[in-house]
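Take a look at the structure below.
The values are calculated or read from the model by the stated rules, or taken from the named source; none is laboratory data. This one's a predicted model, so the numbers in the text were calculated from it and none came from an experiment. Heads up, the Cβs are rebuilt from the backbone with ideal geometry, glycines too, and the neighbour counts pull from every protein chain shown. The area values use the complete protein model at the heavy-atom level, side chains included, leaving out ligands, DNA and RNA. Shrake-Rupley method; radii C 1.70, N 1.55, O 1.52, S 1.80 Å.
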Amino acid sequence: MISFLGKQLKNPLVLASGILGNSCDILTRVHDAGCGLVTMKSIGPAPRDGHKNPTVIDLGYGMINAVGLPSPGYAHMDAEWQALEDRDFPLNASIYGGSVEEFSRVARFVSARHPDFIEINISCPNSDCHGMLFGVDEKAAHAVTAAVKKVIEVPLIAKLTPAAPDIGRIARACEDAGADAICAVNTAGPGMVIDIETKMPVLAFKKGGLSGPMIKPIAIRCVYDIFRAVSIPIIGVGGITTGEDAVEMFMAGATLVGMGSAVRYRGIQVFDLVNRELNNWLAAHETTREAVIGAAHHPAGRTTHDPVSIAKDLSSQYRKNTP
Amino acid sequence: MIFDQKPVMARVAGKTMHNPYFTTLFFDFAINFHPGQFIMVWIPGVDEKPYTISFHEKDRFGITIEAKGIFSRRAATLTPGDMVGIRGPFGNGFDIIASPHAAVVAGGCGMAPLAPLVERLDPNLFFVHGARTKDFILYPRRFAAKRHFTTDDGSLGHRGFVTDLLAAEIKRRMDQAQPQFDMVYACGPEVMMHAVFTLCEVNGIPCQVSLERYMRCGFGVCGACVCSDRVVCTDGPVFHSDQLQKMTDFNRTALLKSGQPVALSEYVSWRCQ
């Protein structure tokens with residue numbers, strides 16, 4: 001078992017928000033398939049249909065999507081909240097709003113339904129007036145985090161966008177405002193795919209967030225930057241599909257590792273598979289997850305095991321994270 | 001070759017207007033297809049929707065459209081030369097058995113996904129097709145196999161439900177000590193498929209039904225089409241009896257576009273807009 005913000009998780013794998021997260025039944029199945037922490041699809045302030053199709057297209061090396069934050073709205077999910085009340089797995093509830101006031105309103109309501117964590121989606125690129133605006137501006141990120149923190153009774157996770165010019169500073173602003181953890185990253189871009197026969201963007205919303213293997217290096221860099229900027233734990237998400245990808249994400253500084261698009265490439269059983277691959281890798285290298293978290297921040301090619309010189313290296317760094 | 005990533009742009013190569021309600025569009029493309037699978041059809045500037053493949057040859061396939069909603073009415077106006085985007089195929093398709101003791105039960109446009117299946121099954125199958133009236137019977141002369149018809153108004157065949165004929169045939173086989181069905185395949189309105197499933201359960205006969213839900217990605221990530229803990233686009237759309245037994249949403253609940261679960265009747269009236 002892994003302890004994370006005071007809760008016990010069976011393993012360090014997380015279902016990313018927006019993937020299969022819209023009912024208690026399917027969340028239960030993902031948990032049973034080997035996922036340590038499942039995240040609900042982002043819950044909004046009012047009923048919202050999202051965009052017309054095409055909304056999600058696989059490009060082989062990753063996906064592009066602009067689903068557009070569909071949600072029944074927090075007040076229209078009684079049956080789901082009821083079912084989730086009796087769950088036997090940890091639950092992360094993702095929420096969104098179009099203003100600080102809306103975020104607070106949704107957060108207060110959702111907190112009273114007892115999820116284990118609340119994740120604020122301040123990073124969705126697929127709506128004109130929700131999400132990402134908060135995730136690229138330090139002041140806005142601080143304001144929304146502080147406002148939500150004030151009205152909830154469960155740990156707060158801030159989900160960040162790789163579109164931020166300096167994601168470390170955004171993460172620091174969230175930490176200063178009371179965030180208990182950072183989840184990084186949401187989809188990258190946004191990007192666009194144009195059909196050259198019809199001369200039209202393929203997605204109905206035209207632009208869409210990029211995910212999957214093509215964004216892994218961006219996600220790794222973001223988590224690396226955030227690790228140096230904050231002392232709260234990080235959920236590393238973006239392009240992880242194998243145990244070795246997870247190891248890389250831990251080395252960048254993640255405490256937990258999230259997956260979403262990987263479900264496209266390896267099915268729901270991807271959680272079991274990655275967990276097994278991760279444990280095999282750790283065993284073969286005679287190490288532990290705790291020991292590899294942030295390992296990439298040690299000086300390049302470090303060969304010494306002398307505790308004094310290691311301590312000196314570490315203290316010279318901008319910030320050190322405690323796994 | 002059509003594949004399951006970015007849509008491949010395909011020109012409509014042929015069009016058959018079966019009657020005022022049903023139209024088939026043909027495309028001269030190869031697609032690796034198993035009966036019961038579906039494709040996502042994109043009309044640029046309009047929308048993208050799942051359609052089963054109802055005709056399949058080596059370098060040609062067709063989809064059959066019942067013009068009743070915004071998208072399908074538009075799709076039915078497409079003519080040869082018009083271009084649509086296609087990705088797929090998606091989903092599992094039917095498990096096809098070799099036994100002659102198979103039944104196929106079609107309701108309305110549920111005939112479309114079953115048609116390529118019927119052509120692959122033993123021609124001695126028991127085949128029932130129900131529709132509102134005689135005019136709504138799809139592919140009236142397509143199959144070598146004998147087909148029994150039912151209509152709501154009695155304008156063709158038995159006046160009543162497909163399950164009337166299926167139940168009678170199950171009973172006849174039982175009474176005459178003839179081999180019972182090894183499999184019943186059904187597609188049609190969900191209430192009809194549930195009636196077929198229930199009838200099969202009572203008689204200990206396995207069945208497979210093809211479900212429909214609002215879809216987005218088609219490949220199992222977005223969650224729009226979940227039915228209980230099953231993902232219709234990848235775990236289905238065809239489900240076996242042993243799965244249906246555990247799917248409490250079957251014939252009861254479906255998600256609207258917002259993700260809100262509603263009674264199936266409410267979902268159906270929304271889908272037909």
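Brief remarks on what is shown
- Selection of segment A:225-279 for residues being of a type in the set (Val, Ile, Thr) and assigned to a strand (DSSP E or B) yields A:234, A:235, A:237, A:257.
Residue-wise test of (1) under 24 Å from residue B:190 (Cα atoms); (2) open to solvent by 30 Å² or more (accessible area, probe 1.4 Å); (3) free of Cβ contacts under 8 Å to residues at least 60 places away in the same chain.
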position: B:84; (1), (2), (3): no, no, no
position: B:91; (1), (2), (3): yes, no, no
position: B:97; (1), (2), (3): yes, yes, no
position: B:108; (1), (2), (3): yes, no, no
position: B:133; (1), (2), (3): yes, yes, yes
position: B:152; (1), (2), (3): yes, yes, yes
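- Subset of segment B:59-82 that is more than 21 Å from the chain's Cα centre (by Cα) and surrounded by fewer than 16 Cβ atoms within 10 Å (Cβ to Cβ) - its residue that is farthest from the other protein chains (Cβ to nearest Cβ): B:59
- Which listed residue is among the hydroxyl-bearing types (Ser, Thr, Tyr), within 14 Å of chain A (Cβ to nearest Cβ) and either in a helix (DSSP H, G or I) or within 18 Å of residue B:105 (Cα to Cα) (or both), from B:234, B:198: B:234
- 2 or more residues in contact with a helix residue (DSSP H, G or I) (Cβ under 9 Å, 6 or more places away or on another chain) and more than 7 Å from every other protein chain (Cβ to nearest Cβ): qualifying strands (runs of 3 or more DSSP E) within segment A:1-55: A:13-15
- Segment A:147-162 - residue that is out of contact with any Gly (no Cβ under 6 Å at 6 or more places or on another chain) and in a helix (DSSP H, G or I) and, of those, surrounded by the fewest Cβ atoms within 10 Å (Cβ to Cβ): A:150
- Scanning segment A:249-262 for residues that are surrounded by 22 or more Cβ atoms within 10 Å (Cβ to Cβ) and either more than 19 Å from residue A:27 (Cα to Cα) or over 15 Å from the mean Cα position of the chain (by Cα) (or both) returns A:249, A:250, A:252, A:253, A:254, A:255.
- On the stretch given as segment B:18-60, residues that are of a type in the set (Val, Ile, Thr) and in a loop (DSSP other than H, G, I, E, B) total 3.
- Going through (1) over 19 Å from the mean Cα position of the chain (by Cα); (2) at pLDDT 95 or above; (3) in a loop (DSSP other than H, G, I, E, B); (4) on the phi < 0 side of the Ramachandran plot one by one, residue A:104 falls short only on (3).
- Flag if residue A:79 is open to solvent by 30 Å² or more (accessible area, probe 1.4 Å) and at the interface with chain B (Cβ under 7 Å from one of its Cβ atoms): yes
- Subset of segment B:255-273 [within 11 Å of another protein chain (Cβ to nearest Cβ) and touching a residue at least 24 places away in the same chain (Cβ under 8 Å)]: B:255, B:256, B:257, B:259
- The residue that is farthest from the other protein chains (Cβ to nearest Cβ), among those in segment B:212-231 that are open to solvent by 10 Å² or more (accessible area, probe 1.4 Å) and either under 21 Å from residue B:185 (Cα atoms) or outside any loop (DSSP other than H, G, I, E, B) (or both), is B:212.
- For segment B:237-246, the set of residues classified as open to solvent by 10 Å² or more (accessible area, probe 1.4 Å) and either within 8 Å of another protein chain (Cβ to nearest Cβ) or more than 26 Å from residue B:171 (Cβ to Cβ) (or both) consists of B:243, B:246, listed by residue number.
- Any hit, segment B:29-51, residues being modelled with pLDDT of 95 or more, surrounded by 22 or more Cβ atoms within 10 Å (Cβ to Cβ), under 22 Å from residue B:117 (Cβ atoms) and more than 19 Å from the chain's Cα centre (by Cα): no
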